[in-house]
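Read-outs: derived from the displayed coordinates by stated rules, not from any lab. Given the structure is predicted, the values throughout are model-derived calculations rather than measurements. Virtual Cβ from ideal backbone geometry, glycine too; neighbours counted across all protein chains shown.
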Amino acid sequence: MSEAIAPPTLGLTRWKAFAIHMAISAVVAVAVILWMAFVWFPPPFFDAEGGRDILLILLAVDVVLGPLITLVVFKPGKPKLRFDLFVIALFQTGALLYGCHLMYVTRPVYIVFAVDHFVTVRTFDLDAADIAQASRPEFRSLPLTKPVYAAVELPREESELRKIIVATTSSGKGMHRFPRLYVPYGEYRARALAASRPLDFLAKLDKATADKIAARIAESGIKAADVNYVPMQTRSGYGVALLDAKTGELVKLLPTL
């Protein structure tokens, strides 16, 4: 009876089934990785914001573990083989969706200049209620692709400033997590430039770090005299943002040093 209901395997051997499963998994993984590395975690944020960690999870589960389970359970003529393969596909799809969810909630959505430094803001850093209170319409919904550059503009009215201080103190959230304070970075670059410092200034404080920055920007053909630096905070630690020394335009981000 069991032989009568055994599914046809179209001449597939265990190793052929493993190879096909591996190829399909690899194609899907490459598509996800490309989206991750160039859209949600575009350079230079792949390492700085933990993209590599998520990538390792995807590779381990979707490219390695799934096909290996197929290799173990696949046997031509085996009863309920289709059910076994369905369960494997279901498990692998669930793992892929979980990985994509991790990508979504940990992706950097804003690069915010706050007072005297840049900080990356991830999806899970922002509350829906705070997003809805954004003063600018472009900040009332999260960007779906690459992160957007913004700046924190503190209110001039003393009463409003007190409200912000109370909100940050009571919630434990930094000012960069309140979209109602956001303005496009382009409107704020003059003040960002005023808060920046020449690389020569950094060399006096930390020559080793200054030398690392000089070496990195030399590879890009940037002259150290043409840029100023501002500290930058990411998930992995501290780096710098380089601004045009005349205009305040962002020239290059070095989130890790």
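If you go through region 89-130 and pick out every residue that is in contact (Cβ under 8 Å) with a residue 60 or more places away in the chain, buried (at least 17 other Cβ atoms within 10 Å of the Cβ) and among the aliphatic types (A, V, I, L, M), you end up with 6. Against the conditions (1) exposed (fewer than 12 other Cβ atoms within 10 Å of the Cβ); (2) under 15 Å from VAL109 (Cβ atoms), GLU158 satisfies every one except (2). Selection of first residues in region 204-233 that are touching a residue at least 40 places away in the same chain (Cβ under 8 Å) and of second residues that are surrounded by 15 or more Cβ atoms within 10 Å (Cβ to Cβ) and among the small types (Gly, Ala, Ser), restricted to Cβ pairs under 6 Å at least 6 apart or on distinct chains, gives the following pairs, ordered by first then second residue: VAL230/SER196; VAL230/ALA241; MET232/GLY239; MET232/ALA241.
On inspection, PHE118 fails the criterion of being in a helix (DSSP H, G or I) and closer than 27 Å to PRO44 by Cβ. The criterion of at least 1 residues that are among the hydroxyl-bearing types (Ser, Thr, Tyr) is met by the following helices (runs of 4 or more DSSP H) wholly inside region 169-242: 207-219. If you go through region 235-249 one residue at a time, do you hit one that is loosely packed, with under 15 Cβ neighbours inside 10 Å, more than 19 Å from VAL119 (Cα to Cα) and over 26 Å from the mean Cα position of the chain (by Cα)? So far as region 235-249 goes, yes, one or more of its residues are loosely packed, with under 15 Cβ neighbours inside 10 Å, more than 19 Å from VAL119 (Cα to Cα) and over 26 Å from the mean Cα position of the chain (by Cα). Within the set of pairs 6 or more residues apart or between chains, which connect a residue that is over 16 Å from ALA60 (Cα atoms) inside region 16-38 to a residue that is in a helix (DSSP H, G or I) and β-branched (Val, Ile, Thr) with Cβ atoms less than 6 Å apart? Listed by first residue and then by second, the contacts come to ALA17/THR70.
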